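First the structure, in the form of structure tokens, and then the observations on it.
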Amino acid sequence: MKQSRLFYKTLKQDPKDEEAVNAKLLVRAGFIDKVAAGIYSYLPLGQRVLVKIENIIREEMDAIGGQEMLLPVLHPKEFWVQTGRWDSMPVLFKLKGANNKEFTLGPTHEEIITPLAKKIIFSYKDLPKYVYQIQTKFRNEARSKSGLLRGREFVMKDLYSFHKDEQGLDKYYERVARAYEKILARLSLGDISVRTFASGGSFSQYSHEYQTLCDAGEDEIYLCKQCNIAVNQELIKEQNVCPQCNNNQLEKKRAIEVGNIFKLKTKFSNACQLTYKAGDGHGKPVFMGCYGFGPSRVMGTLVEIFHDEKGIIWPAAVAPYKYHLLNLSKNDKVKLTADEIYRELSKKEEVLYNDRQDISPGEKLAEADLIGLPYRLVVSDKTHGQLEFKKRNENKTQLRNLKELF
């Protein structure tokens, strides 16, 4: 992609109406644009990052048998009344359509997937089933000042599993947990993310959150260094020891929740009369699990963790482009060389090419640091047909030929 054609605009100063580092840098670098508190547009650079995060999640969900689908955003009121959550969830966006019919914008999709499962699951032969979606969610958050970390509109992957019994649910629950660990490792967050015990509410004794350690995090967790798990702030009031090893020396940390897993058991299947006919001919309730992971929140988390005073430092797996090619010369011959390098490199790799002639070399270099692609390649009057190669997270540069990049 040539930057002269890219739909973006960078800013030299932080936007005045943003508090969080992720929002400041993503807006400044032309990845997102703020529409209102907690509501953002994703520009082409931002969309490329978001899709790469989604694809990593998608691959790991497919690997554990998940089937992707897409459920509606607009939910009729009666579905939420049936489960008792129309009046108990204060974050619902409620609206009226034609003929005064009431709806909500979906903050989650148990109320839609469970009635749908009734049309598909009838017998023990129909179980288990695993389905997921990557969908926009809506929550009427009272406070939305953390950029992509707490939005009123955000992207969520939600997986739902359906089982004959609790043993089947427990087994799949652990498969999802392992899949989440793989996702976090691929996102370069594995070493700083911990499985965190949280209250299971009315569902079970425990649920689990996946928390990424970060000083900018809104959550407070208590980390057990002996087994590298944690307890969230709500649970620590009830149990001041590690649930796994009983260690009572827990270290308080700030963190960002990027995912969670719940054993719903029969809460929603009972509310919606989702049953199956067992082998003995008797009807039994379906056991359910719910597993959430936030691609847009992950995008904000990555920026909170991987940045310096110059800008973003994207991990290679999610960077919008691998290489940032800069032509710092006004010389026509050098420009032809840079153009040819761009054409050849683009055949094999993702390249963003700053071909613009209306900004200075210093501005191009500063903008490259702000955007934060993994590798910077510079063509100038001094490189003599070669490339000045530099990793975004290192200071040293070296001259390379194009063939040496592969």
- Message: Looking at the stretch 189-204 only, could you name the residues that are more than 20 Å from SER146 (Cα to Cα), out of contact with any His (no Cβ under 9 Å at 6 or more places or on another chain) and in a strand (DSSP E or B)?
- Response: VAL194, SER199
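Can you tell me which residue is farthest from SER269 (Cα to Cα) among those in the stretch 83-117 that are hydroxyl-bearing (Ser, Thr, Tyr) and surrounded by 12 or more Cβ atoms within 10 Å (Cβ to Cβ)?
To start, the set of residues in the stretch 83-117 that are hydroxyl-bearing (Ser, Thr, Tyr) comprises 83, 88, 104, 108, 114.
Then drop every residue that is not surrounded by 12 or more Cβ atoms within 10 Å (Cβ to Cβ), which leaves 83, 104, 108, 114.
Details: THR83: 9, THR104: 21, THR108: 16, THR114: 7 Å.
Checked the stretch 83-117; the qualifying residue farthest from SER269 (Cα to Cα) is THR104.
So, of the residues in the stretch 205-218 that are assigned to a strand (DSSP E or B) and at pLDDT below 95, which turns out to be farthest from GLY294 (Cα to Cα)? Before the answer, list the steps.
Kept after step one, since they are assigned to a strand (DSSP E or B), are these residues of the stretch 205-218: 206-213.
So of that shortlist, the ones also at pLDDT below 95 come out as 206-207.
Values: TYR206: 20, SER207: 17 Å.
Filtering first and then ranking leaves TYR206.
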- Message: Going residue by residue through the stretch 7-20, is there one that turns out to be surrounded by 20 or more Cβ atoms within 10 Å (Cβ to Cβ) and either at pLDDT 95 or above or under 30 Å from LEU169 (Cβ atoms) (or both)?
- Response: no
- Of GLU394, GLU367, which residue is within 33 Å of the chain's Cα centre (by Cα) and either farther than 13 Å from GLY311 by Cβ or surrounded by fewer than 14 Cβ atoms within 10 Å (Cβ to Cβ) (or both)? GLU394
- Query: Is at least one residue of the stretch 143-158 more than 18 Å from the chain's Cα centre (by Cα), assigned to a loop (DSSP other than H, G, I, E, B) and either at pLDDT 95 or above or outside the structural domain of MET69 (by TED's automatic domain parsing) (or both)?
  - Reply: no
- Message: at pLDDT below 95, of a type in the set (Val, Ile, Thr) and in the same structural domain as LEU264 (by TED's automatic domain parsing): which single residue out of ILE221, ILE229, ILE183 fits that description?
- Response: ILE229
- Across the stretch 35-74, what is the number of residues that are surrounded by 14 or more Cβ atoms within 10 Å (Cβ to Cβ), among the aliphatic types (A, V, I, L, M), farther than 30 Å from LYS94 by Cα and over 16 Å from the mean Cα position of the chain (by Cα)? 1
- Query: What are the residues in the stretch 175-226 that are under 18 Å from CYS242 (Cβ atoms) and hydrophobic (A, V, I, L, M, F, W, C), if any?
  - Reply: ALA177, VAL194, PHE197, ALA198, LEU213, ILE221, LEU223, CYS224
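From the list THR212, THR301, pick out the single residue that is outside the structural domain of GLU367 (by TED's automatic domain parsing), among the polar types (S, T, N, Q) and in contact with a helix residue (DSSP H, G or I) (Cβ under 6 Å, 6 or more places away or on another chain). Outline the logic, then answer.
Working: THR301 fails: in contact with a helix residue (DSSP H, G or I) (Cβ under 6 Å, 6 or more places away or on another chain).
Criteria check complete, one pass: THR212.
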- Note on the structure: Within the stretch 285-303, residues among the hydrophobic types (A, V, I, L, M, F, W, C) and closer than 19 Å to ILE39 by Cβ come out as VAL298, MET299, VAL303
- Task: Pairs only if they're at least six apart or on different chains, beta carbon under 6 angstrom, first in the stretch 329-345 and among the aromatic types (Phe, Trp, Tyr), second at pLDDT below 95; list them, first residue then second.
- Result: none
- Note on the structure: All-but-one check, VAL334 against (1) closer than 24 Å to ASP14 by Cβ; (2) surrounded by fewer than 20 Cβ atoms within 10 Å (Cβ to Cβ), failing number (1)
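The values are calculated or read from the model by the stated rules, or taken from the named source; none is laboratory data. For clarity, every value in this text was computed on a predicted model and none was experimentally measured. A quick note on method: Cβ atoms are made from the backbone with ideal geometry, for glycine too, and the neighbour counts reach across all protein chains shown.
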